[in-house]
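Report on the following structure.
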Amino acid sequence: MTRIAFLGLGHMGLPMAVNLMRAGHDVRGFDLVPAALDAAAQAGIVIADSGADAASAADVVITMFPAGRHVIDAYEGGLLAAAPPGTLFIESSTIAVDEAQVAHELALRAGHRSVDAPVSGGVVGAENGTLAFMVGGSAEDFAAALPVLEIMGARIVHCGGPGLGQAAKVCNNMILAVSQIAVAEAFVLGERLGLEHQALFDVVSQASGQCWSVTTNCPVPGPVPTSPANREYRPGFAGALMAKDLGLALQAIEQTATDARMGRLAQEIYALFAAGDGARRDFSGIITEIRDASSRR
Ligand code: NAD
């Protein structure tokens, strides 16, 4: 049995913590929001008085916060000082690559072990214990984190040194954003040429244009009955989260002077989408913006 402090009991954190508890670990949780604490207590999680309180008796500290500044603030604001020497910090929030590297350095300097382990798979993956974890850190720290990650995830990849889990996550989501826009544009172009959705799907899903954005997240209702298009674009993966991840991708593009024109354009497109009601819609709902803009021409 491992003593785990789980900090950040929101949409993702709570179901992840519950899976660790059900696997027999001694989980103590904390969140800043009283409603999150109530929900966690109802789910059977032991609630600590503070993050530092939870960390003070932990072998492993997992953080699942909204953004990088929350992680750095919490690390510097008492977590690292409270944890026993050699505690393994698993940072699972989606944050910038350089912020993840700062978090690693802070943890190592305080005498702890550290991996960045962002996830994909959303709330359903968190509930079912089928998340994908992209992990950055030393081979030893990855090996130490693996038994814990395996309870919450179905696919765990060691991507390299500190920050490279976050690097893999931003690269993947940049591909996803660009391909979802490309698929939406192709379906709207097809509509305007008189092509039936099903016919285009039947061709593309078996041809070189095949990708997740067609075969799983098809942006028109019909061909893939489980895609968000069939439920008025209820997420799924909300536009706000895609816009956030593309903001992190843009940061990485700029820091590395990468000539990623499609990535930059995708960031602009999703920032605009998320500034309106797209924030709460599935990101495949970008097709309605493209369709509307096309009819205004
Ligand atoms: P959320 O806002 O529902 O939960 C985050 C929680 O962290 C909040 O309850 C907040 O109060 C808490 N928190 C912030 N600072 C804290 C601190 N110092 N101590 C304790 N608690 C603190 O967010 P979420 O949807 O659970 O996402 C968490 C992370 O996972 C984000 O970085 C997000 O980008 C990433 N992510 C989310 C999804 C998804 O589908 N929701 C998918 C993949 C990755």
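The values are calculated or read from the model by the stated rules, or taken from the named source; none is laboratory data. The structure presented is a predicted model; accordingly, all values stated were derived computationally and were not measured. Note: ideal-geometry Cβ built from the backbone for every residue, glycine included; neighbour counts use all protein chains shown. These accessible areas exclude ligands, DNA and RNA; they are computed on the full protein's heavy atoms, side chains included. Shrake-Rupley method; radii C 1.70, N 1.55, O 1.52, S 1.80 Å.
Across all directions of projection, what mean area in square nanometres is found for the Cα convex hull of region 3-161?
Projected area, direction-averaged: 7.6 nm².
Could you give me D for region 106-195, from Stokes-Einstein at 20 °C and 1.002 mPa s, where the hydrodynamic radius is the Kirkwood radius over C-alpha pairs? Units µm² s⁻¹, please.
144
Between region 13-29 and region 203-222, what's the alpha-carbon centroid distance in Å?
36
What is the local net charge at V46, summed over the other residues whose Cβ is closer than 9 Å to its Cβ (Lys, Arg +1; Asp, Glu -1)?
0
With the full set of protein chains in place, find how many percent of the accessible area of region 167-295 is carbon and sulfur; take the probe as 1.4 Å.
Percent of accessible area from carbon and sulfur atoms in region 167-295: 59.
How large is the convex hull of the C-alpha atoms of the chain per residue, in Å³?
137
Mind checking which of C171, T288, A199 is farthest towards the positive end of the chain's charge dipole, using Cβ charges of +1 (Lys, Arg) and -1 (Asp, Glu) about the Cα centre?
A199
Quick check on the chain: helices-only [θ] at 222 nm, where DSSP H runs of length 4 and up contribute -39,500 (n - 2.57) each and the sum goes over total residues. Nearest 500, please.
Taken over the chain, the calculation gives -15500 deg cm²/dmol.
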